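Each reported figure results from applying straightforward, stated rules to the coordinates on display, with no laboratory input. Computed from a prediction, not measured in an experiment: that's the story for all the values here. As a convention, Cβ positions derive from the backbone with ideal geometry for all residues, glycine included, and neighbour counts pool all protein chains shown.
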Amino acid sequence: MHRESLRSRSGARWGLAVFFMTAMAFPVSAQFDKSQLSGFVRDQKGAVIPGASVKITNTLTRIERTATTNDSGYYVQPDLLPGD
């Protein structure tokens, strides 16, 4: 009976070890070094403005990006670097 208990504990430990080794094999990306900016461009009455140009400037690096709104007045600029 004592041997059976040791085997079950050993099996449980082995199972936990395999679980943690497998879990650690998959990379985890918790942080990203890029972001995106998106939104709608509207006039004073709230109507969307298609084809509007949106200028995005990183004040730290002075890098400028330009996005253009679609037919719904929506724009998105992906892959922006962090900065002020």
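Computed from backbone phi with θ = phi - 60° and the Karplus coefficients 6.51, -1.76 and 1.60, the 3J(HN,Hα) list for region 75-83 is 10, 8, 10, x, 6, 8, 7, x, x Hz; x is used for glycine and proline. Extension gain for GLN36 to VAL54 (0.36 nm times residue separation, less C-alpha to C-alpha distance): 5.2 nm.
In a DSSP loop and with at most 13 other Cβ atoms within 10 Å, the trypsin sites (Lys or Arg not before Pro) in region 38-84 are LYS45, ARG62.
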